Amino acid sequence: MHVLAQILTAIIMLLHIYIVLLETLLFDTRGRKVFGLSKEKAEIVRPAMSNQGCYNGFLVAALALGFFYPDAAIAHAFTVFGLACIAVAGLWGAMTVMTRILYLQTVPAILALLLFHFA
């Protein structure tokens, strides 16, 4: 079960790398399309999306430290922290932006946390 938890966490980390890119570097092209924003609306929300992308980058960093930190206990703590933050952020996003975020972020993060817990 531990390997499944790590695989799911890696997938979540890759998804969040993609989200960071969509909200920052790719916002004017691919990001605007993915988020369904008109050019005018994108101009208004660009600074907030870039800021949000920065925060998602910190979540990626926490998960990456979980994979690469040399002390296993500290690495596990980073992983749990990152997954818990993603679960909460996804819940908030589902309540304030779109329900789909619950299934893209919260559900996988909670599943990974459960897999780690029972491993």
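The values are calculated or read from the model by the stated rules, or taken from the named source; none is laboratory data. Because the structure is a prediction, the values reported are computed rather than measured. Heavy atoms of the whole protein, side chains included, go into the accessibility calculation; ligands, DNA and RNA do not. Shrake-Rupley method; radii C 1.70, N 1.55, O 1.52, S 1.80 Å.
At a glance:
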| quantity | calculated |
| --- | --- |
| Binned Cα-Cα distance frequencies in region 31-119 - 5 Å width, integer % | 3, 14, 18, 22, 17, 11, 8, 5, 2, 1 |
| The chain, helix-only ellipticity at 222 nm - DSSP H runs n ≥ 4, -39,500 (n - 2.57), divided by all residues, nearest 500 | -26000 deg cm²/dmol |
| Degrees between helix 2-23 axis and first principal axis of the chain (Cα, 0 to 90, nearest 10) | 20 degrees |
| Accessible surface, 1.4 Å probe, highest first, among residues Val34, Val88 | Val88, Val34 |
| List His117, His76, ordered by accessible area with a 1.4 Å probe, largest first | His117, His76 |
| Rounded percent of accessible protein surface that carbon and sulfur make up, the chain, 1.4 Å probe | 73 percent |
| All Cα pairs of region 1-53, percent lying beyond 17 Å | 41 percent |
| Calculated from backbone phi, Karplus (6.51, -1.76, 1.60) coupling profile of region 24-35 in Hz, x at Gly/Pro | 10, 5, 9, 4, 5, 10, 5, x, 4, 5, 4, 8 |
